[in-house]
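Presented below is the structure to which this report refers.
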Amino acid sequence: MLGKLAKELRMLGYDTLYYRGEDNDPLIQLAREEGRVILTRNNKLIPKRPEDPIIRIREDRPSLQLGELIQKRVISLNEKILFSRCLICNNLLNEIPRKEVEGKVPDFVFYQQREFFGCPQCLRIYWQGSHLENMQKKIDELWASTKPQASNHK
Ligand SMILES: [Zn+2]
């Protein structure tokens, strides 16, 4: 139910797994073992122990779920990890020498961009524009919305 949110979290650099199983026990077990937070819209997913970190997303519109997580301080925006992961596999991206991507990305992209990054698993190639087209505006808005105090104190 939260596929779009998962991609957006990866775009922000968060290590994000998407769980498709029906059974909740392995999910909770995995979260414990790997120190993960479970995000869900499912009301039936109940913590087994008080310390199990299960966070319910109230917002059903995908475009607003990321904002909800920021408001709840589950995540914050960290420029250092922004755009560091594959949106599909969750792997950390590696920088690829520019000459190696010639012919593998559209020509105009090759000539416009200086830096390219690749996913070691699915071999997708990313560049700043490929993320920015979709997300830069949204990130700017979220960024502004997380700093309301700074402007109110003038
Ligand atoms: Zn990938």
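Coordinate-derived values only; no laboratory data. Just so it is clear, the structure is predicted and the values come from calculations on it, not from any experiment. Neighbour counts are summed over all protein chains in view; Cβ atoms, including those assigned to glycine, are modelled from backbone coordinates with ideal geometry.
Before moving on, here are some points about what is shown:
- Label-point separation in nm, Q29 to I88, each point 7 Å along Cα→Cβ: 3.0
- Inter-part distance, the range 46-73 to the range 1-44, computed on C-alpha centroids, equals 10 Å.
- The amide H of R85, built 1.01 Å from its N in the peptide plane, has G13, L93 as neighbours under 5 Å, considering only residues 5 or more places off or on other chains.
- The amide H of I96, built 1.01 Å from its N in the peptide plane, has F116, F117, G118 as neighbours under 5 Å, considering only residues 5 or more places off or on other chains.
- Debye equation applied to the C-alpha atoms of the range 71-130, log10 I(q)/I(0) at 0.12, 0.22 Å⁻¹: -0.33, -0.87
- Spatially close Lys pairs in the chain, defined by Cα atoms under 15 Å apart and a spacing of eight or more places or different chains, total 4.
- Charge context of N42, other residues only, Cβ under 13 angstrom, K/R +1, D/E -1: +2
- For the chain, share of DSSP beta bridges that run antiparallel, in % to the nearest 5: 70
- Amide H to amide H, with H built 1.01 Å from N, L39 comes under 5 Å of I55, counting only residues 5 or more places away or on other chains.
- Kirkwood estimate for the chain, i.e. one over the average of 1/r between Cα atoms, Å: 17.4
- When the chain is treated as a Gaussian network with alpha carbon springs shorter than 10 Å, the biggest mean-square fluctuation among Q112, Q29, Q136 belongs to Q112.
- Values of log10 I(q)/I(0) for the range 54-105 across q = 0.13, 0.19, 0.24, 0.26 Å⁻¹ run -0.53, -0.84, -1.05, -1.12, by the Debye formula with one identical scatterer at each alpha carbon and no solvent.
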